[in-house]
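Visitor: Provided herewith is a single structure, encoded as structure tokens, for subsequent inquiry.
The values are calculated or read from the model by the stated rules, or taken from the named source; none is laboratory data. From a predicted model like this one, the values you see are computed outputs, not experimental measurements. Cβ placement follows ideal geometry from the backbone for every residue including glycine, while neighbour counts extend to all protein chains displayed.
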Amino acid sequence: MSYEPPLSGNPNNIAVDQHVFPQSAVARFKNSAGLVAMRLTSGKTLMLTPKNWRFCARRAWDQGTETFRTHQIETSYQVLANAVASGATKSLSQEMSDVVTSFYALWRARQAARAAPMPDAKVNGIEGEELTKEKEEWLEVERNTMFIRADTTVPSRFLTGIQMRRHMDAIELGLEGKRWGIVKSDAADFLVPDGPGELNVVPVTPAICLCVGIPDMVLDASEVGEINRQMVRWVHQYFFAQDLERCSIGP
């Protein structure tokens with residue numbers, strides 16, 4: 001689906017390439033060359049930098065959704081993920097688990113928005129307004145406000161943002177009070193799907209994955225392979241890893 005480009009030169013710094021799984025989280029799966037191995041559903045493998053557009057939706061949700069609520073969720077998660085990855089945090093408290101749950105809900109909502117983009121919507125019974133592109137961007141960026149155009153349409157990205165927030169709220173409610181376990185393995189690598197589907201998992205590094213409702217534990221290669229195969233079943237377009245050959249998913 002096409003996206004609406006910003007003003008020439010993008011003076012308002014609108015996010016066009018919107019990472020579904022944050023760039024900083026993708027970067028934990030880089031190899032020594034700074035690249036991540038992406039496997040497409042076609043079977044083709046690509047070696048990409050974490051900022052590559054293939055990890056992104058293209059202006060699928062509005063700027064307010066990109067920056068207002070999600071920035072704090074990402075920041076809190078990255079602090080926690082760094083502590084887990086370094087070994088400074090060995091088990092997650094309920095407060096820490098709530099941070100992971102919010103991030104997981106964000107990841108799922110973003111992937112759902114990318115996988116099923118919404119069209120612009122006609123609004124009946126409300127008069128729109130003739131707006132310049134400059135005024136539209138000012139409203140979106142500076143006022144975090146949805147607008148209705150003269151033809152009575154609302155850009156799809158605003159509706160997507162509303163849908164994402166509802167989706168996130170529902171996921172967080174369903175996981176309220178749940179604890180996440182830290183699952184580790186030196187025998188095989190965890191991969192990352194383009195979206196987790198309904199699996200309550202968040203891969204952190206090739207050696208660490210967070211899972212709901214299980215104790216902290218160490219897995220062997222076959223157990224990692226089973227988790228990876230479950231994640232692959234939910235893939236829409238791709239999954240990625242530091243080293244696909246270490247993911248124990250078979251041919």
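Visitor: Within the range 172-205, how many residues are farther than 25 Å from Glu245 by Cα, of a type in the set (A, V, I, L, M, F, W, C) and not in a strand (DSSP E or B)?
Guide: Counting residues in the range 172-205 that are farther than 25 Å from Glu245 by Cα, of a type in the set (A, V, I, L, M, F, W, C) and not in a strand (DSSP E or B) gives 2.
Visitor: So, in the range 198-217, of the ones that are more than 17 Å from Ala188 (Cα to Cα) and aliphatic (A, V, I, L, M), which residue ends up surrounded by the fewest Cβ atoms within 10 Å (Cβ to Cβ)?
Guide: Ile214
Visitor: At pLDDT 95 or above, touching a Phe, Trp or Tyr at 6+ places or on another chain (Cβ under 8 Å) and over 28 Å from Gln94 (Cβ atoms): does that describe Cys247?
Guide: Numbers: at pLDDT 95 or above: yes; touching a Phe, Trp or Tyr at 6+ places or on another chain (Cβ under 8 Å): yes; over 28 Å from Gln94 (Cβ atoms): yes.
Yes: the conditions hold for Cys247.
Visitor: In this structure, is Lys51 basic (Lys, Arg), in contact with a helix residue (DSSP H, G or I) (Cβ under 6 Å, 6 or more places away or on another chain), modelled with pLDDT of 95 or more and surrounded by fewer than 16 Cβ atoms within 10 Å (Cβ to Cβ)? Explain how you work it out, then say what you get.
Guide: Numbers: basic (Lys, Arg): yes; in contact with a helix residue (DSSP H, G or I) (Cβ under 6 Å, 6 or more places away or on another chain): yes; modelled with pLDDT of 95 or more: yes; surrounded by fewer than 16 Cβ atoms within 10 Å (Cβ to Cβ): yes.
Criteria met by Lys51.
Visitor: So, in the range 113-144, how many residues would count as being in a loop (DSSP other than H, G, I, E, B), farther than 30 Å from Val79 by Cα and touching a residue at least 24 places away in the same chain (Cβ under 8 Å)? Quick ask: steps written out before the conclusion?
Guide: The initial filter retains those residues of the range 113-144 that are in a loop (DSSP other than H, G, I, E, B), namely 116-120, 123-128, 130-132, 143-144.
Next cut, farther than 30 Å from Val79 by Cα only: 116-120, 123-128, 130-132.
Among the residues that remain, those that are also touching a residue at least 24 places away in the same chain (Cβ under 8 Å) are: 117-120, 123-124, 126-128.
Number satisfying all stated conditions: 9.
Visitor: While we're looking at this one, here's another question. Residues in the range 90-102: is at least one within 25 Å of Ile162 (Cα to Cα) and of a type in the set (A, V, I, L, M, F, W, C)? Steps first, please.
Guide: Let us first name the residues in the range 90-102 that are within 25 Å of Ile162 (Cα to Cα), namely 97-102.
If we keep only those that are of a type in the set (A, V, I, L, M, F, W, C) as well, we get 99-100.
Yes, the range 90-102 contains a residue that is within 25 Å of Ile162 (Cα to Cα) and of a type in the set (A, V, I, L, M, F, W, C).
Visitor: A further question follows. Out of Arg166, Arg110, report the one residue that is basic (Lys, Arg), in a helix (DSSP H, G or I) and surrounded by fewer than 20 Cβ atoms within 10 Å (Cβ to Cβ).
Guide: One residue alone meets the criteria, Arg166.
Visitor: Same structure, new question: Might you let me know whether the range 83-91 holds any residue that is out of contact with any helix residue (DSSP H, G or I) (no Cβ under 8 Å at 6 or more places or on another chain), free of Cβ contacts under 8 Å to residues at least 24 places away in the same chain and assigned to a helix (DSSP H, G or I)?
Guide: Scanning the range 83-91, I find at least one residue that is out of contact with any helix residue (DSSP H, G or I) (no Cβ under 8 Å at 6 or more places or on another chain), free of Cβ contacts under 8 Å to residues at least 24 places away in the same chain and assigned to a helix (DSSP H, G or I), so the answer is yes.
Every residue, every condition in (1) crowded, with 19+ Cβ neighbours inside 10 Å; (2) within 23 Å of Ile171 (Cβ to Cβ); (3) among the hydrophobic types (A, V, I, L, M, F, W, C), yes or no:
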| site | (1), (2), (3) |
| --- | --- |
| Trp61 | yes, yes, yes |
| His71 | no, yes, no |
| Tyr77 | yes, yes, no |
| Ser86 | no, no, no |
| Pro119 | no, no, no |
| Ile126 | no, no, yes |
| Glu129 | no, no, no |
| Thr132 | no, no, no |
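Visitor: Being assigned to a loop (DSSP other than H, G, I, E, B) and under 16 Å from the mean Cα position of the chain (by Cα) narrows it down to one residue among Pro50, Pro5, Pro11; which is it? Walk me through it before giving the result.
Guide: Details: Pro5 fails: under 16 Å from the mean Cα position of the chain (by Cα); Pro11 fails: under 16 Å from the mean Cα position of the chain (by Cα).
Criteria check complete, one pass: Pro50.
Visitor: Please enumerate the residues belonging to the range 34-77 that are in contact (Cβ under 8 Å) with a residue 24 or more places away in the chain, among the β-branched types (Val, Ile, Thr) and either under 25 Å from Ala105 (Cβ atoms) or in contact with an Asp or Glu (Cβ under 7 Å, 6 or more places away or on another chain) (or both).
Guide: Hits for the range 34-77 are Val36, Thr41, Thr65, Thr67, Thr70, Ile73.
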